[in-house]
Amino acid sequence: MLYKRNPQLNKNGELIHLLSTEGLPKATLLHILDTASSFVSVSDREVKKVPLLRGKSVFNLFFENSTRTRTTFDIAATRLSADVITLDIARSSASKGESLLDTIANLSAMAADIFVVRHGESGAPYLIAQHVRPHVHVINAGDGRHAHPTQALLDMYTIRHYKKDFTQLTVAIVGDVLHSRVARSDIHALSTLGCPEVRVVGPKTLVPADMAQMGVRVCNTLEEGIRDADVIIMLRLQNERMTGALLPSSQEFFKSFGLTEGKLRLAKPDAIVMHPGPINRGVEIDSAVVDGAQSVILPQVTFGIAVRMAVMSIVAGNEA
């Protein structure tokens, strides 16, 4: 059987596309996190720009709605001095039936260097990466239920910022794991970075049957899931992806799995609370926790700019 190279890496093992955290070497993950550290201070400068992508064109293609991810990619590319083109999908030829690859071919003819892609179909960024020229790079900004690698990387950056060492941590991922591409990407990254215990926490209807095979501990009560945890990552209920009666009601979900100040006391006293957004206050998390001292939800957003700057600068510096 022939060895199949990771499509995210070139023959030298350098990152050329970011499609998933799955299969990325630990050294690559750390390189991204270390590079992001050098970009965090850019936000504090009077002139918030560095010239690393001057002359490059970044096309943001968001086939699904987004606020944080799209905006932070816009800001990140602008701060790298790239030319940023954000396509209005609703008014593009894609809305008239043009195929995904035809859309990419036409934009490539406009001298695109980086495509940032969010798509409802799992695997769409992989398909694009297979059909672009060697100098063009693809970054997955979320595909179906599959992956959201830059969110996972900014989560890893946040955890490392506050906890320093992954090898001593217990991390609980709580909520709608079934529909969460963030959960899967976080699990792969945490495993690669040496986190000894990852727990997924939620009702049986919202935890995939294959979770235990990913090396995580499955907990079907919040109390068991967050007890003595160092990091709690809350996930929103993705009602738009649900079919059938997976939950009695959002009120019942909050009663059993909503994170309140009282329940948070089960975790370690210095535990941090994270959330990829958007937040549904009073559904998966209480406002007092969102705005409380242990919440690092807003720093996550800030770190996200630096992480996305790091990813774009790294891929743009490598050829296939």
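The values are calculated or read from the model by the stated rules, or taken from the named source; none is laboratory data. Note that the coordinates shown come from a computational prediction; the quantities given were computed from them, not determined experimentally. Cβ placement follows ideal geometry from the backbone for every residue including glycine, while neighbour counts extend to all protein chains displayed. Each accessible area value is taken on the protein alone, full model and side chains, heavy atoms only, with ligands, DNA and RNA left out. Shrake-Rupley method; radii C 1.70, N 1.55, O 1.52, S 1.80 Å.
Qualifying trypsin sites (Lys or Arg not before Pro) in region 164-198, where qualification requires a DSSP coil assignment and no more than 13 other C-beta atoms within 10 Å, comprise LYS164. Couplings 3J(HN,Hα) for region 299-310, derived from phi with the Karplus relation 6.51 cos²θ - 1.76 cosθ + 1.60 (θ = phi - 60°), are x, 4, 5, 4, 5, x, 5, 5, 5, 6, 4, 4 Hz, where x marks Gly and Pro. Where the alpha-carbon atoms of region 1-77 are placed on the principal axes, they occupy 54, 30, 24 Å, in descending order. Karplus-based coupling profile of region 63-70, in residue order and whole Hz: 7, 10, 5, 6, 10, 4, 5, 5, with θ = phi - 60° in 6.51 cos²θ - 1.76 cosθ + 1.60 and x standing for Gly or Pro. For the residues SER20, SER313, SER250, a 1.4 Å probe over the protein chains yields an accessible-area ranking, largest first, of SER250, SER313, SER20. List the aspartates and glutamates whose Cα lies under 17 Å from the Cα of LYS49, skipping any in the same chain that are fewer than 8 positions away. Hits, sequence-local ones excluded: ASP74, ASP83. For the chain, the solvent-accessible area with a 1.4 angstrom probe is 44 square angstrom per residue.
For LYS56, list the lysines whose Cα falls under 22 Å from its own Cα; do not include residues on the same chain fewer than 8 positions away. Qualifying lysines at Cα under 22 Å: LYS48.
The tail of the calculated P(r) for region 77-236, taken as Cα-Cα distances beyond 20 Å, holds 57 percent of the pairs. Rounded to the nearest 500, the 222 nm mean residue ellipticity of the chain from helices alone is -10500 deg cm²/dmol, with -39,500 (n - 2.57) taken per DSSP H run of at least 4 residues. Once backbone amide H atoms are built at 1.01 Å from N, ARG217 has VAL198, ARG199, VAL200 as its partners under 5 Å, excluding neighbours fewer than 5 places away on the same chain. The GNM of the chain, with springs linking C-alpha atoms under 10 angstrom apart, assigns the highest mean-square fluctuation among ILE16, ILE114, ILE89 to ILE89.
Placing +1 on each Lys and Arg Cβ and -1 on each Asp and Glu Cβ, with no other charges, gives region 95-158 a dipole about its Cα centre of roughly 20 debye. Taking 18 Å as the straight-line reach from the Cα of LYS204, the lysines in range (excluding those fewer than 8 positions away in the same chain) are LYS255.
The dipole here belongs to the chain: it is taken about the Cα centre, uses +1 on the Cβ of Lys and Arg and -1 on the Cβ of Asp and Glu, and is about 340 debye.
Rounded to the nearest percent, how much of the accessible area of region 42-84 (1.4 Å probe, protein heavy atoms only) is carbon and sulfur? Carbon with sulfur: 43 percent of the solvent-accessible area. Largest GNM mean-square fluctuation across LYS56, LYS11, LYS263, computed for the chain with C-alpha springs under 10 Å, falls on LYS11.
Over every Cα atom in the chain, the radius of gyration and the widest Cα-Cα span, Dmax, amount to 19.4, 56 Å. Surface composition of region 94-148: carbon and sulfur make up 51 percent of the accessible area, probe 1.4 Å. Counted over all Cα-Cα pairs of region 5-127, pairs farther apart than 20 Å make up 53 percent. Considering only GLY23, GLY258, GLY123, the Gaussian network model of the chain with Cα springs below 10 Å gives its largest mean-square fluctuation to GLY23.
Work out the charge dipole of region 1-82 with +1 on the Cβ of Lys and Arg and -1 on the Cβ of Asp and Glu about the Cα centre, then indicate which of ALA36, LEU15, ASN65 is farthest towards its positive end. Checked the options; the winner is LEU15. Reported to the nearest whole Å, the Cα centre-to-centre distance from region 248-320 to region 121-183 is 14.
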